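A.B. asks: I am attaching a structure below and will ask some questions about it afterwards.
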Amino acid sequence: MAIKVESFKRVDLIEVSGRIDSSNAPELDETLKQLADQDRHQLVLNLSQVDYMSSAGLRAIVTALRAAKKSGGNVHLSQPSDRVREVLELAGLHTLFQIYEDDTAAVGDF
Amino acid sequence: MSQQKSLKVPGRYDQIRLICEFVAEGAKAARLDEDDIFHIELACDEACTNIIEHAYGQENSGPIEVTWQINAHNFTIIFTDQGQSFDPDQVPLPLSTQELQNLDNLDDLKVGGLGLHFMKKLMDEVIFAFDKEKGNQLIMIKKL
């Protein structure tokens, strides 16, 4: 898994790629927590290059959503891969997130 | 003609990928398609995570043994661990889409119990067996 964070004025774009499982989900969790600690609560998660995500990854992004919403922000998902969509739907959590077809729309909707 | 292979690894998160790849190799030999293989990997990932988190309570507390078998009708995966047995009926069900939509406070959302839910959804059969000598066994079957 690789994580790249790009910070804009009001929004942070986090691009995740590769495989998210129990062995590395804490790393994603930590990155998202650090952003919350810096009062960055408007997050866009680009998951287009994630080819595998287990429930450990889901837990990390739901935790981030919960923290962001508590502080008046949100987590938008940009271009989740088919595998990510499938896992979100399997868990029934797809309705919790706003999902966008590109980063511009996901960033612009804040 | 039946085929069978086993692997034993330490119960650690960094071993899960190895287990998934080992089982995927068997699933390919059983001529399952890419979607089925993804589902099997995901079910195995969740099974291993549950063993580490719930049976052993932490990493490096015991081994995980996995066996795959192919016969004429089934692709079967058997996980064995020596941790604490658990009652799958005690695992709370994940919230339904309706319940999620009615959720007033996201703090009420627990993302636990998903592992077992995934295994049951992704595999045709999921069976838990507890034996004092053999340890805990989790048997997951994908019909061919």
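FYI, it's all coordinate maths here, none of it is from the lab. Note that the structure is a prediction, hence the values are computed from the model and not measured. As a convention, Cβ positions derive from the backbone with ideal geometry for all residues, glycine included, and neighbour counts pool all protein chains shown.
A.B. asks: Quick one: helix A:25-37 against the long Cα principal axis of chain A, what's the angle to the nearest 10°, folded into 0 to 90?
C.D. replies: 10 degrees
A.B. asks: If you don't mind, there's one more thing I want to ask. In what order do B:Met123, A:Met1 fall by count of nearby beta-carbon atoms within 10 Å, going from fewest to most?
C.D. replies: Fewest-to-most ranking of B:Met123, A:Met1: A:Met1, B:Met123.
A.B. asks: Report the equivalent ellipsoid semi-axes for region B:3-143 in whole Å, largest first, defined as the square roots of five times the eigenvalues of the gyration tensor built from alpha carbon atoms.
C.D. replies: Whole-Å semi-axes of the equivalent ellipsoid: 26, 19, 14.
A.B. asks: Expressed as an acute angle from 0 to 90° and rounded to the nearest 10, what is the orientation of the C-alpha long axis of helix A:55-70 relative to the principal long axis of chain A?
C.D. replies: Taking the Cα atoms of chain A, the angle to A:55-70 is about 20 degrees.
A.B. asks: Using a cut-off of 14 Å between beta-carbons, work out the net charge of the residues near A:Asp29 (Lys and Arg +1, Asp and Glu -1, A:Asp29 not included).
C.D. replies: Surrounding charge for A:Asp29 is -1.
A.B. asks: Over all alpha-carbon pairs of the protein assembly as shown, lay out the pair-distance distribution in 10 Å bins, whole %, shortest bin first.
C.D. replies: Per 10 Å bin, starting at zero, the Cα-Cα P(r) for the protein assembly as shown comes out as 7, 30, 33, 20, 8, 1, 0 percent.
A.B. asks: If you look for lysine pairs in region B:3-143 that are eight or more places apart or on different chains, how many of them have Cα atoms under 25 Å apart?
C.D. replies: For region B:3-143, qualifying lysine pairs total 26.
A.B. asks: For A:Lys4, go through the lysines and keep the ones whose alpha-carbon is under 16 Å away, minus same-chain ones fewer than eight residues off.
C.D. replies: Hits, sequence-local ones excluded: A:Lys33.
A.B. asks: What order do you get for A:Val16, B:Val126 when you list them from fewest to most C-beta neighbours inside 10 Å?
C.D. replies: Going from least to most buried by this count: B:Val126, A:Val16.
A.B. asks: Going by alpha carbons, how many degrees (0 to 90, nearest 10) lie between the helix axis of A:82-91 and the longest principal axis of chain A?
C.D. replies: The angle comes out at about 90 degrees.
A.B. asks: Neighbouring Cβ atoms within 10 Å as the yardstick, rank B:Asp45, B:Asp36, A:Asp39, A:Asp21 fewest first.
C.D. replies: A:Asp39, B:Asp36, A:Asp21, B:Asp45
A.B. asks: May I pose another question? Can you pull the percent of Cα pairs in region A:2-108 with separation above 16 Å?
C.D. replies: 52 percent
A.B. asks: Which percent, to the nearest 5, of DSSP beta bridges fully inside chain A are antiparallel?
C.D. replies: Of the beta bridges lying entirely in chain A, close to 25 percent run antiparallel.
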